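For reference, the structure discussed in these notes is given below.
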Amino acid sequence: MRRSARRSRTVSAYREGDRTVVLIPARMSHAEEQRWVAQMLEKLAAQESRRIPGDEALMTRARELSAAHLGDRARPSQVRWVTNQNSRWGSCTPSEGTIRLSHRLQGMPEYVLDYVLLHELAHLLVPDHGPAFWALLESYPRTERARGYLEGVVSAARLPHIPGARHADPGPAGPDQAASCG
């Protein structure tokens with residue numbers, strides 16, 4: 001949260017590495033600040049969800065992650081999105097070298113997608129979830145954070161729906177991961 005005396009009416013937000021920065025006028029009350037933060041987070045999430053990588057981009061990213069974290073040893077033959085995985089985030093068939101990622105990951109933060117992709121890449125090398133498997137993921141610095149995010153998504157899905165709850169309309173989004181309202 002950054003307050004500015006020069007900012008009189010507009011609120012904007014953008015991603016800065018792992019952080020989201022929300023810029024608001026200094027005069028705003030705490031209640032207005034909280035309302036705008038929630039609205040701007042929804043807006044950014046909507047923008048990011050519209051930037052969904054295709055299967056070719058997934059394959060490229062898989063190769064990059066394998067090189068960076070697995071010594072370029074995991075080499076998938078295919079990486080693609082699927083819509084028939086509703087209880088898993090991803091799956092791997094080591095004998096075929098194929099990786100499938102659930103469409104439910106689309107729009108999640110990049111570090112979460114990278115973690116799931118790296119998890120499935122590790123299965124090309126170690127098919128189970130034993131110590132050797134988890135040792136492969138130690139080099140990815142956001143493993144725990146991504147796992148926490150995914151656990152939160154699962155928990156939130158279990159929460160009861162509140163009838164009449166309002167959600168802000170995110171409006172049009174630009175390609176620069178920034179959102180603004182005035």
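The values are calculated or read from the model by the stated rules, or taken from the named source; none is laboratory data. Nothing here was measured: the structure is a model prediction, and the numbers come from that model. Reconstructed Cβ throughout: ideal geometry from the backbone, glycine too, with neighbour counts over all protein chains shown. What goes into the accessible areas is simple: the full protein's heavy atoms, side chains included, and nothing from ligands, DNA or RNA. Shrake-Rupley method; radii C 1.70, N 1.55, O 1.52, S 1.80 Å.
Would you tell me the accessible area of Ser95, worked out with a 1.4 angstrom probe on the heavy atoms of the protein chains, in Å² to the nearest 10?
Rounded to the nearest 10, the figure is 110 Å².
With a Cα-only, solvent-free Debye model of the range 29-130, what are the log10 I(q)/I(0) values at q = 0.25 Å⁻¹?
Debye intensities relative to I(0), on a log10 scale: -1.35.
From Cα pairs below 8 angstrom and at least 6 apart in sequence, can you work out the relative contact order of the range 46-136, rounded to a whole percent? Display every interim value, and only then the final one.
Working: 131 pairs, mean separation 26.8, N = 91.
For the range 46-136, the relative contact order is 29 percent.
Please report the net charge: other residues with Cβ closer than 15 Å to the Cβ of Val82, K and R +1, D and E -1. Intermediate values should be presented prior to the final figure.
Details: positive: Arg80, Arg88, Arg100, Arg104; negative: Asp55, Glu96, Glu120.
Surrounding charge for Val82 is +1.
Relative contact order for the range 88-157 using alpha-carbon pairs under 8 Å, separation at least 6, rounded to a whole percent?
It comes to 28 percent, rounded to a whole number.
Asp128 accessible area, nearest 10 Å², 1.4 Å probe?
90 Å²
Are there any trypsin sites (Lys or Arg not before Pro) in the range 89-161 that are in a DSSP loop and have at most 11 other Cβ atoms within 10 Å? List them by number. Before the final figure, lay out the partial values.
Values: sites: Arg100, Arg104, Arg142, Arg145, Arg147, Arg158; in loops: Arg142.
For trypsin sites (Lys or Arg not before Pro) across the range 89-161 that sit outside H, G, I, E and B with at most 11 neighbouring Cβ atoms in 10 Å, the list is empty.
Can you give me the C-alpha center-to-center distance between the range 127-159 and the range 1-25, rounded to a whole angstrom?
For the range 127-159 versus the range 1-25, the Cα centre distance is 31 Å.
Taking every pair of alpha-carbon atoms in the range 56-103, give the share separated by more than 18 Å as a whole percent. Please report the intermediate quantities before stating the final value.
On the way: 326 of 1128 pairs.
Value for the range 56-103 (Cα pairs over 18 Å): 29 percent.
Within the range 108-144, what residues put their amide N at less than 16 Å from the label point 7 Å along the Cα-to-Cβ vector of Arg73?
Residues 118-140 fall inside that zone.
Hey, rough spin-label estimate for Arg35 and Leu125, points 7 angstrom out along Cα→Cβ, what's it come to in nanometres?
According to this spin-label approximation, the distance is 5.1 nm.
With the contact rule set at Cα under 8 Å and sequence spacing of 6 or more, what percent relative contact order holds for the range 1-77?
Numbers: 63 pairs, mean separation 16.2, N = 77.
The normalised contact order for the range 1-77 reaches 21 percent.
Using the Cβ atoms and a cut-off under 12 Å, what net charge is assigned to the surroundings of Trp134, where Lys and Arg are +1 and Asp and Glu are -1? Before the final figure, lay out each step's value.
Numbers: positive: Arg147; negative: Asp128, Glu138, Glu144.
Every neighbour counted, the sum reads -2.
Let me cross-check Ser87: its accessible surface, 1.4 Å probe, with only protein heavy atoms counted, in Å² to the nearest 10?
Ser87 exposes around 110 Å² with every protein chain in place.
Determine, from the Cβ-Cβ distance of Glu151 and Ser95 and an R0 of 25 Å, the FRET efficiency 1/(1 + (r/R0)^6), rounded to the nearest 0.05.
Numbers: r = 30 Å, r/R0 = 1.19.
Given R0 = 25 Å and the Cβ-Cβ separation, E is 0.25.
Give the ranking of Glu33, Glu64 by solvent-accessible surface, highest area first, calculated with a 1.4 Å probe.
On the way: Glu33 25, Glu64 90 Å².
The ordering from most to least exposed comes out as Glu64, Glu33.
After finding the eigenvalues of the alpha carbon gyration tensor for the range 15-87, what semi-axes result from the square roots of 5 times each, listed largest first in whole Å?
Details: eigenvalues 283, 52, 18 Å².
Ellipsoid semi-axes (Å, largest first): 38, 16, 10.
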